[in-house]
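We did not get these values from a lab; they are worked out from the coordinates using the rules stated. Please read all numbers here as calculations on a predicted model, not as lab measurements. Cβ: placed from backbone, ideal geometry, glycine included. Neighbour counts: every protein chain shown.
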Amino acid sequence: MRRPLIAGNWKMNTDRASAVALATGVARRASEFAQLDLLICPPAVYLIPAAEAIAGSKAALGAQNMYHEANGAFTGELSAAMLLDVGCKYVILGHSERRHILGETDSAVNKKTIAALDAGLIPIVCVGEMLAEREAGKTADVIRRQFEGSLAGLTAEQAGRVVLAYEPVWAIGTGKVATLDQAEEVHAALRSLLAQRYNRQSADSVRILYGGSVKPSNAGELLSQPNIDGALIGGASLKVDDFLGIAAAAK
Ligand code: PEP
């Protein structure tokens, strides 16, 4: 049985005070959600105050990105060890905004995924097609290319420790949500890719999150799909009630 994961990607939002308030609000009510994992991913500069705010609660901390090297002359970057050092358990990798705005390639995501796993962080590896790709009937090809490129070289044991997130780019921050059939079709395809590339055990254990305009009002039906094991939430994760409303729908 896969344990649902409800993850908030705060992106480049909040300031120190509002980040602490949001983390505190989530932490206060986290014990209501014993049967699932709750995760907040604040901007990197607020990881430490957010870690302090959620200390002692069952909410976990994650980063939105990292670099694959362990240390050295990589100005502006953060290593997996640094993220662990400040209390992170997860790291989001290959988010579509990093792929499409910042030019991150499958190969870069692959190096980061391996470095995260080697260090003991749980990578949340994001994949998703753009609107033109869906309209051209290329969704399955794009998902397979991103899956194979991002997870290249992983053993079945390593693959079993990854979390995947399917985030159709056209649904992120747009208010457009994939239909249940569209989302479940890609989630099921990802699970068969896991089974083909690794083994049934990895395929059955990997959590596959859906992301793209998830709200309390649409979370219940999305999360009831057999291959949707949680949500990666942008906009709605910036309000405690909305974020936890989605978590309540996953119960
Ligand atoms: C995201 O940032 O991963 C995301 C899905 O954003 P939103 O929920 O705002 O669409």
Next on the checklist: Let me check the size of the range 62-126 from its C-alpha atoms; what are the radius of gyration and Dmax in Å?
Outcome noted: 10.7, 29
Next on the checklist: How high is the relative contact order of the chain? Use alpha-carbon pairs under 8 Å, at least six apart in sequence, and give a whole percent.
Outcome noted: 21 percent
Next on the checklist: Charges at C-beta only: +1 for Lys and Arg, -1 for Asp and Glu. How large is the resulting dipole of the range 134-183 about its Cα centre, in Debye rounded to 20?
Outcome noted: 80 debye
Checklist entry - With each pseudo-label sitting 7 Å past Cα toward Cβ, what's the ILE48-THR174 distance in nm, one decimal? => result 4.0 nm
Next on the checklist: Sequence gap at least 6, Cα distance under 8 Å: using those rules, report the relative contact order of the range 65-212 to the nearest whole percent.
Outcome noted: 22 percent
Item to check | Volume per residue that the Cα convex hull of the range 135-246 spans, once the total is divided by residue count, Å³ | outcome: 102 Å³
Checklist entry - In whole Å, how far is the Cα centre of the range 62-103 from that of the range 193-211? => result 23 Å
Checklist entry - Using 7 Å Cα-to-Cβ label points, what is the ASP85/SER192 separation (nm, one decimal)? => result 4.6 nm
Checklist entry - In the chain, with Lys and Arg counted as +1 and Asp and Glu as -1 at Cβ, which of these residues, PHE147, GLY220, VAL91, has the Cα nearest the positive end of the dipole, that is, farthest along it? => result GLY220
Checklist outcome for this item: Exposed-loop cut sites defined as GluC sites (Glu not before Pro) in DSSP loop states with at most 15 other Cβ within 10 angstrom; longest site-free run of the chain spans 78-251
Item to check | Highest-MSF residue in the chain out of PRO216, PRO123, PRO42 [GNM, Cα springs under 10 Å] | outcome: PRO216
Next on the checklist: Give the lysines whose C-alpha is closer than 27 Å to that of LYS239, dropping any in the same chain fewer than 8 places away, or say none.
Outcome noted: LYS11, LYS58, LYS89, LYS176, LYS215, LYS251
Checklist entry - Radius of gyration and Dmax for the chain's Cα atoms, expressed in Å? => result 16.7, 48
Item to check | Candidates per chymotrypsin sites (Phe, Trp or Tyr not before Pro) in the range 43-121, loop by DSSP, up to 16 other Cβ within 10 Å | outcome: PHE74
Checklist entry - Along the principal axes of its C-alpha atoms, what lengths does the range 70-180 span, in descending order and rounded to whole Å? => result 42, 31, 24
